[in-house]
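The values are calculated or read from the model by the stated rules, or taken from the named source; none is laboratory data. The shown structure was predicted, so the numbers you read here are calculated from the model rather than taken from an experiment. Cβ placement follows ideal geometry from the backbone for every residue including glycine, while neighbour counts extend to all protein chains displayed. Keep in mind that these areas ignore ligands, DNA and RNA; they rest on the heavy atoms of the full protein, side chains included. Shrake-Rupley method; radii C 1.70, N 1.55, O 1.52, S 1.80 Å.
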Amino acid sequence: MNKKMVVLLVLILSALSIMAISVWGSLPESNNRPSVVSITITDFDLQNGDGDKIKSVKDQVSEDDYIYKIPFTVTPINSDSKIKASTNQPGITARVDDMESVIYVIFDIDKIGTTVTVTIWDKNTQISDEVTLMFLPPSEIIIVDPDIF
Amino acid sequence: MLRRLFILTMIQLSSKMKLKITNKKRFIANLALRFLGLVVVTVVMIFMLYFLSKVLYVPINVYFVIFVIFITQIASIIACTTGLMVDLYESKDNAILLSFPAKHDEVFTSKLVVFYINEFLKNLSFLVPMLIAFGFISSLPFTYYFNILTMIFILPLLPVLLAAIISIPIMYIRQFLRVHNTLTLILLITFGVFVFLGLTGLLDEIPTPIRIVALYNKFITSVTLFIQSSAKYASIYGVIGRLLYGVNVLANYGIVIGVIIVLMLMVLLISRPLFFKLASHTQEYAVTKKHRGKNKRSKSLFWTFFKKEFTISMRSSNEMISNYVLLILFPFIVYVLNYIYIGIDRSTFGTKLVIAFDIMISLLLVTASNTASATAISVEGSEFVLLKTAPSDTKKMAWAKVAFNMIASSLMILLIFILFQLSLPQFSDPDIWLMFVVVILVNSGHILWSFQIDLLNPKLSDYAATASLSNNENVSKSIIIGLVLSIIFGGISAFLLIEDYVTGWIRIILIALVFFVVRFYLFSNFLKVYFREIEF
């Protein structure tokens, strides 16, 4: 037994104590908060007739800068939300920071250049929004509008 | 030259590991066991990565590999730098090796080779299984495993070369600080203040009331982002990670080899010429006496020994800091922890649990800092015999040591609790000072207990031979007793406070007081009986 082990024990005990206090020693959370009404991804370049959002990330995502931030808003502000995010491509991961209202999209090195759709939804109400990230300049993005036919 | 280098390396290696094969069968069995160990470690790592990937949703990709390599290499660089500072410049074998019919450069190179072999073996048992596990989890092609083979030799080389360069300025700084104790203390306090301010800034980011589930999500997201974005700053290790994953393999190999050549040239041109100068320099005459000594007859023997303890601690402030390092950590840990506790929307029951956990964690940190008491007699080494021949009641030396340790420890604890009160005004003041009383009483009792352990089994001859306290069993016993006491007092506090808050505090303080009185009684009796029995 030495001092390094004591430090480790203190860290473990600290984590356990926080868990114990939050489980047995905290007051129940107020259920008065309203449900989510809408989730909106605010950062996009184009939108087709169906409301699909498209964002060009050609100059923003590269081998040296492979984490892309997508801001979103949830209304009402103090709603009882459980925000989740996912992508439709393996090797591209989405992580939500609901305190900052940001989705972080992490591209694997071999996935830079791949078009990906990021979906964000509230687990309680299933309200969702999505954006497609494309590696083309906005002028070259062609919107396929299914309503034409 | 190569033969001399080989002999020098083997001499040093033989003192660190068993090289002679006396029994072939046992050697083969040993090798097989080690291989099996590697397989087991690899399997464990695969499960760990699987857990990270599938349960915590941390992406296991090239950036994760770069992060792991980067972190393990930083740890290696720190370990190599501290190790090389001792092995290159302060090692006792320098006097022997430098007197051999070999060039100083060869001694220098042999020391680096020994370090490289050590690093190579360390990497073989951790980093290689980790890299294989990455390959397995990510279903990487055969070329990945081929690149691991080359990295087995390249990765341990980088920290050794970097440490050989870094260790020189650090050695100069260390030698400077060794003779300027006050400056060391000022730097330490400044560093502590900056860490405290940094922590405060970080904690202010947490919105209150703290929702643990939201905080957990934020924590996992932040850790994931930290891991994934650290690859941007990993420089050469970023190149190695990309190389392993088959990105621009030839160009990246070129960069790695180029960096190694540059580092080797730097070691050759900077470290090698300075080695002999630093290795032959001692600190023996570094401190010059500015005042003239005067022999004064002291009125009290206890006071003489007490002053001696004070002078020794002032002269060896580094040792004192290492003894009380956990007390230095104490305010940071207590501050962070209580900030989170207070941030949680607690019930009355929760508040009582907070106090119990505070007592437990405070006692754990405080009692683990009483290692100076657990080695108080041992550190006298061969001088203890001389001390006992003095025609006086030398038992008072023990009381002086106990008193000094108690006063030093209690003053630090008082300072910590004042900081505690100032930095967390939301915490109830009576609770803080009642906790202080409990901690002081239990800690004082533990100091007496630790001293008693050393009194009954002093390691005088061990310390006289090695001048080192590492692996001292009295220290281990003292820390274990401290751990048990912390758990017992934490449990008792929780139970009594939950039962009745007001009488609970009175009963906790009474139990702590009884503990202190019992330890005091036992210590004074043991001292009376056993002090005269201590022999070298």
Search region A:86-102 for residues being open to solvent by less than 40 Å² (accessible area, probe 1.4 Å) and more than 10 Å from every other protein chain (Cβ to nearest Cβ), and hand back the single one that is nearest to the chain's Cα centre (by Cα).
A:S101
Checked against (1) aliphatic (A, V, I, L, M); (2) free of Cβ contacts under 8 Å to residues at least 24 places away in the same chain; (3) touching a Leu at 6+ places or on another chain (Cβ under 6 Å), B:V529 satisfies every condition except (3)
Residues that are outside any helix (DSSP H, G or I) and surrounded by 15 or more Cβ atoms within 10 Å (Cβ to Cβ): does region B:469-482 have at least one?
yes
What pairs come out if I take residues in region B:214-237 that are more than 10 Å from every other protein chain (Cβ to nearest Cβ) and pair them with residues that are open to solvent by 20 Å² or more (accessible area, probe 1.4 Å) and of a type outside the set (V, I, T) whose C-beta lies under 7 Å away, six or more apart or interchain?
B:S230/B:F67; B:S230/B:F70; B:A234/B:F70; B:Y237/B:F70
Condition first: within 16 Å of the chain's Cα centre (by Cα) and within 10 Å of chain B (Cβ to nearest Cβ). Now tell me which residues in region A:104-120 satisfy that.
A:Y104, A:I106, A:F107
Test B:M412 against the stated conditions and say whether it is under 28 Å from B:N525 (Cβ atoms), aliphatic (A, V, I, L, M) and more than 10 Å from chain A (Cβ to nearest Cβ).
no
Does region B:187-199 contain at least one residue that is without any contact (Cβ under 8 Å) to a residue 24 or more places away in the chain and surrounded by 12 or more Cβ atoms within 10 Å (Cβ to Cβ)?
yes
Output yes when any residue across region B:254-271 is modelled with pLDDT under 80 and more than 12 Å from every other protein chain (Cβ to nearest Cβ), and no when none is.
yes
Does at least one position in region B:94-101 carry a residue that is touching a residue at least 24 places away in the same chain (Cβ under 8 Å), open to solvent by less than 70 Å² (accessible area, probe 1.4 Å), closer than 20 Å to B:V267 by Cβ and under 25 Å from the mean Cα position of the chain (by Cα)?
no
Going residue by residue through region A:125-133, is there one that turns out to be open to solvent by 70 Å² or more (accessible area, probe 1.4 Å), more than 14 Å from chain B (Cβ to nearest Cβ), closer than 24 Å to B:V55 by Cβ and at pLDDT 85 or above?
yes
Sole exception among (1) under 30 Å from A:I106 (Cα atoms); (2) modelled with pLDDT of 85 or more for B:V55, by number:
(2)
Any pair with Cβ under 6 angstrom, 6 or more apart, that starts in region B:380-391 at a residue that is under 9 Å from B:L460 (Cα atoms) and ends at one that is open to solvent by 40 Å² or more (accessible area, probe 1.4 Å)
B:G381/B:Y463; B:G381/B:A464; B:S382/B:A464
Of all residues in region B:168-183 being in a helix (DSSP H, G or I) and more than 21 Å from the chain's Cα centre (by Cα), which is farthest from B:F108 (Cα to Cα)?
B:T182
When the residues of region A:11-23 are narrowed to those that are farther than 16 Å from B:I333 by Cβ and at the interface with chain B (Cβ under 7 Å from one of its Cβ atoms), which ends up farthest from the chain's Cα centre (by Cα)?
A:A20
Kindly list the number of the only condition in (1) touching a residue at least 40 places away in the same chain (Cβ under 8 Å); (2) within 14 Å of another protein chain (Cβ to nearest Cβ) that fails for B:P207.
(1)
Could you check B:R507 against (1) open to solvent by less than 40 Å² (accessible area, probe 1.4 Å); (2) more than 14 Å from chain A (Cβ to nearest Cβ); (3) part of a helix (DSSP H, G or I) and say which number it fails?
(1)
Selected residue (only one of A:D59, A:D45, A:D64 is within 30 Å of A:T114 (Cβ to Cβ) and within 14 Å of chain B (Cβ to nearest Cβ))
A:D64
Options B:I132, B:I69: the member that is within 28 Å of A:I92 (Cβ to Cβ), among the β-branched types (V, I, T) and either in contact with a Ser or Thr (Cβ under 8 Å, 6 or more places away or on another chain) or within 14 Å of chain A (Cβ to nearest Cβ) (or both)
B:I132
Name the strands (runs of 3 or more DSSP E) wholly inside region A:7-76 in which the number of residues that are surrounded by 14 or more Cβ atoms within 10 Å (Cβ to Cβ) and of a type in the set (V, I, T) is 2 or more.
A:38-41, A:67-75
Qualifying helices (runs of 4 or more DSSP H) (wholly inside region B:343-403; at least 3 residues being crowded, with 22+ Cβ neighbours inside 10 Å and under 22 Å from the mean Cα position of the chain (by Cα)):
B:348-367, B:371-374
